[in-house]
Amino acid sequence: MILTVTLNPAVDISYPLQTLVIDDVNRVSDVSKTAGGKGLNVSRVLHLMQQTLLATGIVGGHIGNFIKQKLDDDQIQHEFFEIQQESRNAIAILHDDGCQTEILEAGPTISADDAQAFMQFYGQLLTKVSTVTLSGSLPKGLGADYYAKMVEMAGNAGVKAILDTSGASLLASLKATVKPTLIKPNETEIAQLLDQPIDVTDIDGLKTALQAPIFAGVEWIVVSMGAAGAFAKHNDHFYRVSIPKIHVENPVGSGDSTLAGLAMAIDTNESDEVILKTGMTTGMLNTMEKQTGFVNPELFKPYFAKVTFKEV
Ligand code: ATP
């Protein structure tokens, strides 16, 4: 079973407007409210792909209850740690032919006691699973090494840890003794970590970059590259994965959907080829849907067959 972690989940509110009028009233009738946050996108895709999963994280207040209710509605199994503060809303105003204006609440500040109590709660959940996904930025109050500690606990429990984060918390996890099983940095993140520009079309340059000491000990590094597919390193092997040209409806959440695909194939110990093709396919299927973090499982087989994989 896969455990998905979302430490700062949100209710994603979408307000479609013909035109956004500044400094006046904007009335909206077609409102959508869904359970959001990168880890919950991963959860939804895993569920749509008929995987057994348990979603966890930190929630509080009425918004926290709403998030849990939405997961219940979707029949996604969850066990969240409850805090006294209110979880957050994330508002996207879709307006004026393709513009998107976002208003993102920061969310709660986690107290030191709650941070410690969640770790214990998480430790219990680790006994039930074989893989854990850790996605997104950390809520305020948690130290940059919080994910590193969660990865270490997973490693000590024999659970594979798949980490999708950036900045200081990714760096802290890479510097820790127990490394994540898989990371999914994009071009910008690799450039930041190495403090040098990266050209993703240069395979030899990418190979050298992923062999930098900062990545030592990380079993899988998957660099997803949007429509160009992905480049990956598994121990000493390097792979280039290419995807067919498809009609893109909404690419938001493709990274999370890719992570779900990678997690499900890693959890069942598939070959390197199947792991990467599965991740690429769930990413592609997400871009073909309007809804964020959503896939049509019936399209999985035909699109999986169109992904090409080669060792480089
Ligand atoms: P995000 O954080 O926006 O969700 P990301 O940068 O983590 O995305 P991407 O590399 O953009 O991740 O996308 C992940 C995967 O989704 C790609 O490797 C690919 O399989 C699929 N994908 C994304 N964008 C496209 C696209 N325009 N056309 C086809 N497939 C796409």
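Data table
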quantity: All positions within the stretch 91-103 that are under 26 Å from HIS47 (Cα atoms) and either modelled with pLDDT of 95 or more or among the basic types (Lys, Arg) (or both); calculated: ILE91
quantity: Meets criteria (in contact with a strand residue (DSSP E or B) (Cβ under 8 Å, 6 or more places away or on another chain), closer than 24 Å to PHE80 by Cβ and surrounded by 18 or more Cβ atoms within 10 Å (Cβ to Cβ)) for TYR146; calculated: no
quantity: Condition check for GLY229: over 17 Å from PRO180 (Cβ atoms), surrounded by 15 or more Cβ atoms within 10 Å (Cβ to Cβ) and within 16 Å of the ligand (Cβ to nearest atom); calculated: yes
quantity: Top-ranked residue in the stretch 218-246 [being at pLDDT below 95 and not aliphatic (A, V, I, L, M); ranked as farthest from THR287 (Cα to Cα)]; calculated: SER224
quantity: Subset of the stretch 93-111 (residues that are surrounded by 13 or more Cβ atoms within 10 Å (Cβ to Cβ), in contact with a Pro (Cβ under 9 Å, 6 or more places away or on another chain) and outside any loop (DSSP other than H, G, I, E, B)); calculated: ILE93, LEU94, HIS95
quantity: Count of residues meeting criterion [at pLDDT 95 or above and outside any strand (DSSP E or B)] in the stretch 128-167; calculated: 25
quantity: Any hit, the stretch 50-58, residues being more than 13 Å from PRO9 (Cβ to Cβ), in contact with a helix residue (DSSP H, G or I) (Cβ under 6 Å, 6 or more places away or on another chain) and surrounded by 12 or more Cβ atoms within 10 Å (Cβ to Cβ); calculated: yes
quantity: Residues of the stretch 1-52 that turn out to be outside any strand (DSSP E or B), away from the ligand (no atom under 15 Å from the Cβ) and under 19 Å from GLU82 (Cα atoms), as a count; calculated: 3
quantity: Qualifying residue in the stretch 282-291 (condition: within 10 Å of the ligand (Cβ to nearest atom) and either surrounded by fewer than 24 Cβ atoms within 10 Å (Cβ to Cβ) or within 23 Å of PHE215 (Cα to Cα) (or both)); calculated: yes
quantity: Pick from the stretch 302-312, criterion closer than 30 Å to LYS207 by Cα and part of a helix (DSSP H, G or I), ranking: nearest to the ligand (Cβ to nearest atom); calculated: TYR303
quantity: Scope the stretch 179-199; condition assigned to a loop (DSSP other than H, G, I, E, B), more than 26 Å from GLU249 (Cβ to Cβ) and in contact (Cβ under 8 Å) with a residue 60 or more places away in the chain; matching residues; calculated: THR181
quantity: Close pairs from the stretch 200-225: first free of Cβ contacts under 8 Å to residues at least 12 places away in the same chain, partner in a loop (DSSP other than H, G, I, E, B) and acidic (Asp, Glu), Cβ under 7 Å, at least 6 apart; calculated: GLY205/ASP199
quantity: Residue in the stretch 239-263 that is nearest to the ligand (Cβ to nearest atom), counting only those that are out of contact with any helix residue (DSSP H, G or I) (no Cβ under 6 Å at 6 or more places or on another chain) and assigned to a helix (DSSP H, G or I); calculated: GLY255
quantity: Evaluation of PHE215 against (1) more than 22 Å from TYR146 (Cα to Cα); (2) over 19 Å from the mean Cα position of the chain (by Cα) (one fails), failing number; calculated: (1)
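The values are calculated or read from the model by the stated rules, or taken from the named source; none is laboratory data. Source: prediction; values computed, not measured. Neighbour counts run over all protein chains shown; Cβ positions are idealised from the backbone, glycine included.
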